[in-house]
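Take a look at the structure set out below.
The values are calculated or read from the model by the stated rules, or taken from the named source; none is laboratory data. Small disclaimer: the values here were computed from a predicted structure and weren't measured. Neighbour counts run over all protein chains shown; Cβ positions are idealised from the backbone, glycine included.
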Ligand SMILES: [Zn+2]
């Protein structure tokens with residue numbers, strides 16, 4: 001009889017359908033007994049044990065000591081005993097037009113004989129809802145796509161309308177000093193502009209789409225005219241600024257980075273890689289109030305992949321897109337006769353890439369000088385997988401000498417500035433969006449513990465990362 005009754009109740013619930021369930025689901029969620037980490041606060045004051053956080057729909061309503069915060073009647077409870085709670089992570093440097101797999105950058109390694117580039121692009125587009133879930137599973141509730149095709153604007157709309165997705169800010173096509181013909185299908189991610197007029201014409205096509213950034217791919221090759229290039233960047237910057245849009249720049253050499261800053265860059269999405277940063281660089285960064293995203297892992301991702309040495313970390317094995325993991329494992333089994341000789345040579349040599357020593361050193365200098373640092377992966381590049389590559393990146397930031405709390409600050413509070421939503425995210429305070437991550441280990445003793453994801457809350461919805469990944473297998 002008891003079993004009969006239980007069956008009847010289940011049946012009624014099923015017949016009631018989704019609308020009935022939603023109508024009866026409580027408005028409030030109380031996350032109780034967790035240890036909250038506040039990256040915005042100084043180290044001595046950053047940890048708040050046994051806290052209660054009340055979420056009202058997609059907003060944080062209140063937070064405080066369990067003894068001081070009243071849990072509203074009927075609130076759903078989420079027990080966070082033994083867990084650490086951080087603001088949702090923010091990746092300040094991603095590209096949705098790239099998948100992270102070995103077919104995604106034929107300009108870097110041409111494997112189109114194995115998988116044509118058009119097929120890879122179509123796969124990425126179809127896979128977008130899964131890619132969004134991967135980001136959420138990794139605790140990343142906000143990302144900044146700093147350059148891709150015009151399709152990027154559709155990605156932003158898709159994220160805003162998706163059932164499960166991070167907040168997405170986007171730049172459109174990269175305004176570039178050089179072309180990249182192997183990536184040029186009908187909607188190229190990189191557009192070569194040779195003059196101020198050409199660059200301004202592209203900016204004029206971008207601005208009606210309301211980009212969150214205008215982005216320049218500032219590739220300065222020896223023998224090209226740096227001053228003429230700087231003039232193009234300056235014209236782009238002032239057109240963007242006039243429209244209230246900040247200027248993001250890819251510039252990886254000290255001289256190019258300084259030229260970008262003189263031209264008005266607000267956001268450098270890469271480290272200075274070739275030599276130590278100097279006083280001029282720091283002064284220009286401060287003048288512009290520019291953000292610095294060191295993007296430390298990305299080159300190693302390529303290096304390990306092409307050497308046949310790329311292996312998933314524990315976090316990647318658990319949280320990355322299973323399709324991409326399978327493709328990464330497949331590199332060892334590709335038909336040799338279809339591979340470029342350069343790749344077969346690299347696979348045979350099997351050298352691990354060097355540690356990014358100069359970038360680590362420059363990050364420490366820049367950080368110690370008080371420049372705001374953003375965590376960003378360049379996800380989508382080969383070997384830098386959407387989602388869990390944030391843990392590779394944060395580990396390198398810690399290796400550079402930042403404390404775990406400083407790394408978390410880059411990945412939340414300062415990341416929110418890069419995402420242009422610091423008024424609504426990056427901190428656990430009333431009024432902000434309810435983007436939180438519950439961890440099973442203390443991220444303030446070792447940033448690698450940030451990968452121990454227990455639950456992710458995005459705009460008030462609670463997700464189990466393992467269920468998210470199971471749903472896209
Ligand atoms: Zn990038």
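Identify all residues within the range 141-153 that are in contact with a strand residue (DSSP E or B) (Cβ under 6 Å, 6 or more places away or on another chain) and either in a helix (DSSP H, G or I) or within 16 Å of the ligand (Cβ to nearest atom) (or both); write none if there are none. Explain how you work it out, then say what you get.
Going residue by residue through the range 141-153, those that are in contact with a strand residue (DSSP E or B) (Cβ under 6 Å, 6 or more places away or on another chain) are 141-147, 152.
Within the range 141-153, 143, 144, 145, 146, 147, 152 qualify.
Please work out which residue is nearest to the ligand (Cβ to nearest atom), limiting yourself to the range 166-183 and to residues that are surrounded by fewer than 19 Cβ atoms within 10 Å (Cβ to Cβ) and within 18 Å of residue 218 (Cβ to Cβ).
Taking the range 166-183 and keeping what is surrounded by fewer than 19 Cβ atoms within 10 Å (Cβ to Cβ), we get 178-179, 181-182.
Then drop every residue that is not within 18 Å of residue 218 (Cβ to Cβ), which leaves 178-179.
On the way: 178: 15, 179: 17 Å.
Of everything passing the filter in the range 166-183, 178 is nearest to the ligand (Cβ to nearest atom).
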Of all residues being within 19 Å of the chain's Cα centre (by Cα) and in a loop (DSSP other than H, G, I, E, B) in the range 432-449, which is surrounded by the fewest Cβ atoms within 10 Å (Cβ to Cβ)? Just the residue, please.
443
Looking for whichever is surrounded by 17 or more Cβ atoms within 10 Å (Cβ to Cβ), closer than 27 Å to residue 357 by Cβ and within 16 Å of the ligand (Cβ to nearest atom) here; the options are 292, 304. Which one fits?
292
Flagged in the range 109-128 as touching a helix residue (DSSP H, G or I) at 6+ places or on another chain (Cβ under 8 Å), assigned to a helix (DSSP H, G or I) and away from the ligand (no atom under 16 Å from the Cβ), in numbering order, are 117, 125, 128
Could you tell me whether the range 411-431 includes any residue that is touching a strand residue (DSSP E or B) at 6+ places or on another chain (Cβ under 6 Å), part of a helix (DSSP H, G or I) and within 16 Å of the ligand (Cβ to nearest atom)?
yes
In the range 206-226, which residues are touching a residue at least 24 places away in the same chain (Cβ under 8 Å) and either part of a helix (DSSP H, G or I) or more than 24 Å from the chain's Cα centre (by Cα) (or both)?
206, 207, 209, 220, 221, 224, 226
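With respect to residue 367, is the statement that it is part of a loop (DSSP other than H, G, I, E, B), away from the ligand (no atom under 16 Å from the Cβ) and farther than 27 Å from residue 134 by Cα true? Break it down stepwise before answering.
On the way: part of a loop (DSSP other than H, G, I, E, B): no; away from the ligand (no atom under 16 Å from the Cβ): yes; farther than 27 Å from residue 134 by Cα: yes.
Criteria not met by residue 367.
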Candidates 407, 390, filtered to the one that is part of a helix (DSSP H, G or I), outside the structural domain of residue 61 (by TED's automatic domain parsing), crowded, with 23+ Cβ neighbours inside 10 Å and within 16 Å of the ligand (Cβ to nearest atom)
390
Assuming residue 58 fulfils every condition listed in (1) closer than 23 Å to residue 408 by Cα; (2) touching a residue at least 60 places away in the same chain (Cβ under 8 Å); (3) surrounded by 19 or more Cβ atoms within 10 Å (Cβ to Cβ) apart from one, which condition is it?
(3)
Can you find a residue that is in contact (Cβ under 8 Å) with a residue 24 or more places away in the chain, in contact with a strand residue (DSSP E or B) (Cβ under 7 Å, 6 or more places away or on another chain), assigned to a loop (DSSP other than H, G, I, E, B) and within 16 Å of the ligand (Cβ to nearest atom) anywhere in the range 154-165?
no
The lone exception for residue 31 - which of (1) within 29 Å of residue 294 (Cβ to Cβ); (2) crowded, with 19+ Cβ neighbours inside 10 Å; (3) away from the ligand (no atom under 16 Å from the Cβ) it fails:
(1)
Which of the residues spanning the range 254-280 are within 14 Å of residue 359 (Cβ to Cβ) and either away from the ligand (no atom under 16 Å from the Cβ) or free of Cβ contacts under 8 Å to residues at least 12 places away in the same chain (or both)?
254, 274, 275, 276, 277
